[in-house]
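Novice: So that we are looking at the same thing, I have put the structure below in structure tokens.
The values are calculated or read from the model by the stated rules, or taken from the named source; none is laboratory data. Note that the coordinates shown come from a computational prediction; the quantities given were computed from them, not determined experimentally. FYI the Cβ positions are ideal-geometry reconstructions off the backbone, even for glycines, and counts take in every protein chain you see.
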Amino acid sequence: MPIQKVLVVDDSKTELMFLTDLLQKKGMQVRTAENADEAFRRLAEEKPDLILMDVVMPGQNGFQLTRAITRDPLYADVPIIMCTSKNQETDRVWGMRQGARGYITKPVDPAELQAKIDALS
């Protein structure tokens, strides 16, 4: 199933703008959230085909939020790709163990992101 609707969760306005622009150029609809509460509100409003998740955010971090989403029966089937500045192998392994289907480090390489998205469709 092609990915059309993407939810980008990141507390950085710059990152949100960059990823939104990148995905919209590929013809995707993008919604954004700057924290866990907002992310859950967006999920309730409209279920996305994909979530791009930052890790370092105020309040609940991306690892915790990924775990909460992937364990929720309503959203467990929505793939999550972590997009984060945390570039240690242990972070990547931990992210995948929380339920993420992909892990990309910032700055995001558009080709790498597209390859990860294509691998999910």
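Novice: When you go through Leu120, Leu74, Leu65 one by one, which is the residue that is within 14 Å of the chain's Cα centre (by Cα), of a type in the set (A, V, I, L, M) and at pLDDT 95 or above?
Specialist: Matching residue, one of Leu120, Leu74, Leu65: Leu65.
Novice: Right, next: Could you list, in sequence order, the residues of the stretch 38-50 that are charged (D, E, K, R), buried (at least 17 other Cβ atoms within 10 Å of the Cβ) and either more than 14 Å from the chain's Cα centre (by Cα) or assigned to a loop (DSSP other than H, G, I, E, B) (or both)?
Specialist: Asp49, the sole residue that qualifies.
Novice: Hey, can you tell me all the residues within the stretch 79-100 that are touching a Ser or Thr at 6+ places or on another chain (Cβ under 9 Å), surrounded by fewer than 19 Cβ atoms within 10 Å (Cβ to Cβ) and not small (Gly, Ala, Ser)?
Specialist: Once the filter is applied, which keeps residues that are touching a Ser or Thr at 6+ places or on another chain (Cβ under 9 Å), surrounded by fewer than 19 Cβ atoms within 10 Å (Cβ to Cβ) and not small (Gly, Ala, Ser), the stretch 79-100 yields Asn87, Asp91, Arg92.
Novice: Within the stretch 26-37, can you find the residues that are free of Cβ contacts under 8 Å to residues at least 24 places away in the same chain and assigned to a helix (DSSP H, G or I)?
Specialist: Asp37
Novice: Filter the stretch 1-25 for residues that are assigned to a strand (DSSP E or B) and either at pLDDT below 95 or crowded, with 19+ Cβ neighbours inside 10 Å (or both) and give the result.
Specialist: Val6, Leu7, Val8, Val9
Novice: A further question on this structure: So in the stretch 51-62, with the set limited to residues that are under 13 Å from the mean Cα position of the chain (by Cα) and not hydrophobic (A, V, I, L, M, F, W, C), which one is surrounded by the fewest Cβ atoms within 10 Å (Cβ to Cβ)?
Specialist: Result: Asn61.
Novice: Is there a residue in the stretch 86-94 that is at pLDDT 95 or above, in a loop (DSSP other than H, G, I, E, B) and acidic (Asp, Glu)?
Specialist: No, because not a single residue in the stretch 86-94 is at pLDDT 95 or above, in a loop (DSSP other than H, G, I, E, B) and acidic (Asp, Glu).
Novice: Let me ask something additional. Pick out the one residue from Ile117, Ile69, Ile104 that is surrounded by 13 or more Cβ atoms within 10 Å (Cβ to Cβ) and part of a strand (DSSP E or B).
Specialist: Just a single option satisfies the conditions, and that option is Ile104.
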